[in-house]
1. Is it true that PHE289 is within 14 Å of ligand 1 (Cβ to nearest atom), in a helix (DSSP H, G or I), over 20 Å from ASN256 (Cβ atoms) and not aliphatic (A, V, I, L, M)?
2. Applying the selection to the stretch 369-390, what residues are in a helix (DSSP H, G or I) and crowded, with 18+ Cβ neighbours inside 10 Å?
3. Among the residues of the stretch 159-197, write down those that are in a loop (DSSP other than H, G, I, E, B), touching a residue at least 24 places away in the same chain (Cβ under 8 Å) and farther than 12 Å from GLY95 by Cα.
4. Return the total of residues in the stretch 98-112 being in contact (Cβ under 8 Å) with a residue 60 or more places away in the chain and not in a loop (DSSP other than H, G, I, E, B).
5. If you check TYR313 against the conditions, is it within 14 Å of ligand 2 (Cβ to nearest atom), in contact with a helix residue (DSSP H, G or I) (Cβ under 9 Å, 6 or more places away or on another chain) and part of a loop (DSSP other than H, G, I, E, B)?
6. Return a yes/no flag: does the stretch 247-261 have any residue that is over 19 Å from the mean Cα position of the chain (by Cα), buried (at least 19 other Cβ atoms within 10 Å of the Cβ) and either within 16 Å of ligand 1 (Cβ to nearest atom) or free of Cβ contacts under 8 Å to residues at least 60 places away in the same chain (or both).
7. Take the stretch 102-123 and flag every residue that is surrounded by fewer than 24 Cβ atoms within 10 Å (Cβ to Cβ), away from ligand 2 (no atom under 16 Å from the Cβ) and modelled with pLDDT of 95 or more.
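The values are calculated or read from the model by the stated rules, or taken from the named source; none is laboratory data. Remember, predicted model here, so these are calculated numbers, not experimental data. Cβ atoms come from the backbone with ideal geometry, glycine included; neighbour counts cover every protein chain shown.
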Amino acid sequence: MKGSTVLKSVFLSVLIALVALPAAAQLTPKETLGKALYFDRALSSPSNMSCAVCHEERAGFTGSNPGINKKGAVYPGAVHQRFGNRRPPTASSAGDSPVFHYDAEEGLFIGGMFWDGRATGWVTGDPLADQAMGPYLNPVEQNLPSEEAACVVVAESVYAGLYEEVFGPIDCSDYDDDGHLKAYKNFAVAVAAFERSEEVSPYDSKFDYVMAGEAEFSPQEALGWDLFNGKAMCSACHPAPLFTDFTYDNLGVPRNPDNPFYDMDQVFVDGAPINDLGETWVDPGLAGFLSSLPEDWFEVYGLEKSAAVDENYGKHKVPTLRNVDKRPGRGFAKAYMHNGSLKSLEEVVAFYNNRETMIAEGSIVPEVMANMNVDELGDLGLTEEEEAALVAFMKTLSDGYQP
Ligand code: HEC
Ligand code: HEC
């Protein structure tokens with residue numbers, strides 16, 4: 001009798017554990033195809049680079065080389081001398097950004113992917129899929145010569161059958177009206193499906209367990225959560241549960257003097273320097289993307305292009321804070337902000353709390369002074385204990401929590 005009760009309760013607790021824990025990720029064929037495309041180094045020239053190199057799970061799907069994170073925070077491309085200009089944001093929990101648009105009521109640009117929103121969603125209808133069309137062909141990233149070249153790699157890969165199962169026969173010469181290879185768009189759609197899957201975006205952080213009533217914040221985390229939504233005003237731009245409102249702001253973060261892009265006046269692609277401005281380059285953020293759009297795009301919204309460009313100079317997309325602390329171990333270096341200039345969550349919170357004093361004392365010089373947000377940050381009056389509580393709260397946002 002007794003024995004079977006014990007057995008029963010063991011069985012029950014195993015069952016409860018199984019129910020409470022998210023099931024091991026079961027990927028659909030489309031997600032599995034996306035995973036193959038995400039990890040395939042053959043999709044680069046030379047064959048040494050995949051999405052995962054710059055967006056690795058153990059670092060919260062961002063760059064996982066601590067040596068790089070401590071310095072320039074920008075990752076080399078398949079051709080190792082070539083560098084882009086920004087730090088990789090997380091590829092996790094990135095699937096909810098709306099198609100890039102202007103919200104006339106709010107007077108704000110919203111949505112899209114990348115720090116500057118240029119992966120709009122106008123090609124595939126999904127900003128995340130539009131984003132995935134970029135890296136394979138970008139000469140400072142995976143550097144393939146054409147969509148067709150990518151298609152041939154997939155057609156000859158071990159997972160070609162999986163493509164056929166999901167999308168039908170693979171055709172590397174069938175183009176859409178917009179000039180993109182249909183198969184290449186399908187690759188991007190599959191990658192986006194993988195990025196949204198339980199494997200990349202499980203939403204199983206301590207925060208999620210607390211919200212579901214299955215775990216409790218420590219007193220310090222609870223204080224941080226209160227401050228986040230109150231005195232520290234973080235939720236004005238990073239509202240739960242996604243921790244971003246998909247808008248753009250210039251926080252006045254300093255430039256990162258170690259950004260390797262400053263040396264890209266000496267490295268050439270097709271005869272032109274990657275960065276002809278060298279050291280003097282300033283990241284225009286959203287303004288850089290807006291300036292690439294035609295005048296009549298702005299007219300639809302009753303905007304004037306030059307004014308819109310000026311007003312958005314130096315603004316970057318509000319990143320999600322999910323997995324912001326995820327790292328393989330204590331002391332593993334990560335980097336924050338579009339240029340990786342801030343190196344720890346403690347530094348980030350101190351920046352939000354004291355930016356005005358730091359600028360006045362000259363201990364930081366914003367990369368861009370124009371359009372700096374002075375309403376919701378800069379002089380928050382947080383105590384040391386409150387700063388630490390905010391950091392403790394952000395640490396609850398790492399996926400893979402074991403209650
Ligand atoms: C060499 C490093 C590198 C490689 C390879 C790379 N990325 Fe990125 N990724 C970046 C950088 C840097 C950014 C930010 C660029 C910007 O905003 O201008 C970025 C941005 C993103 C974003 C946008 C996140 C957001 O919140 O806006 C996603 C999603 C993403 N990458 C997924 C991928 C996928 C999928 C692949 C493979 C097809 C890939 N990356 C390959 C470095 C890389
Ligand atoms: C006015 C809007 C706004 C407010 C308020 C705000 N943030 Fe941010 N946050 C941003 C933007 C925009 C960025 C990216 C800026 C950049 O890279 O130049 C960012 C970046 C971050 C990052 C770096 C994430 C990464 O992946 O690099 C952290 C951490 C962060 N914020 C935490 C906070 C906390 C904590 C608070 C409250 C004390 C807060 N934010 C308040 C808009 C805001």
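1. yes
2. Within the stretch 369-390, the subset in a helix (DSSP H, G or I) is 384-390.
Listed by number, the residues that qualify are GLU386, GLU387, ALA389, LEU390.
3. Residues of the stretch 159-197 in a loop (DSSP other than H, G, I, E, B): 159, 168-174, 176-180, 197.
Subsequent filtering for residues that are touching a residue at least 24 places away in the same chain (Cβ under 8 Å) retains 159, 172-173, 178, 180, 197.
Once the filter is applied, which keeps residues that are in a loop (DSSP other than H, G, I, E, B), touching a residue at least 24 places away in the same chain (Cβ under 8 Å) and farther than 12 Å from GLY95 by Cα, the stretch 159-197 yields TYR159, CYS172, SER173, ASP178, HIS180.
4. The qualifying residues number 4.
5. On the way: within 14 Å of ligand 2 (Cβ to nearest atom): yes; in contact with a helix residue (DSSP H, G or I) (Cβ under 9 Å, 6 or more places away or on another chain): yes; part of a loop (DSSP other than H, G, I, E, B): yes.
Yes, satisfied.
6. The answer is yes, given that some residue of the stretch 247-261 is over 19 Å from the mean Cα position of the chain (by Cα), buried (at least 19 other Cβ atoms within 10 Å of the Cβ) and either within 16 Å of ligand 1 (Cβ to nearest atom) or free of Cβ contacts under 8 Å to residues at least 60 places away in the same chain (or both).
7. Hits for the stretch 102-123 are TYR102, THR120, GLY121, TRP122, VAL123.
Residues checked against (1) of a type in the set (D, E, K, R); (2) closer than 26 Å to LYS315 by Cβ; (3) surrounded by fewer than 19 Cβ atoms within 10 Å (Cβ to Cβ); (4) within 16 Å of ligand 2 (Cβ to nearest atom):
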{"site": "MET49", "(1), (2), (3), (4)": "no, no, no, no"}
{"site": "CYS54", "(1), (2), (3), (4)": "no, yes, no, yes"}
{"site": "GLY67", "(1), (2), (3), (4)": "no, no, yes, no"}
{"site": "ASN85", "(1), (2), (3), (4)": "no, yes, no, yes"}
{"site": "ALA91", "(1), (2), (3), (4)": "no, yes, no, yes"}
{"site": "GLY125", "(1), (2), (3), (4)": "no, yes, yes, no"}
{"site": "LEU144", "(1), (2), (3), (4)": "no, no, no, no"}
{"site": "VAL154", "(1), (2), (3), (4)": "no, no, no, no"}
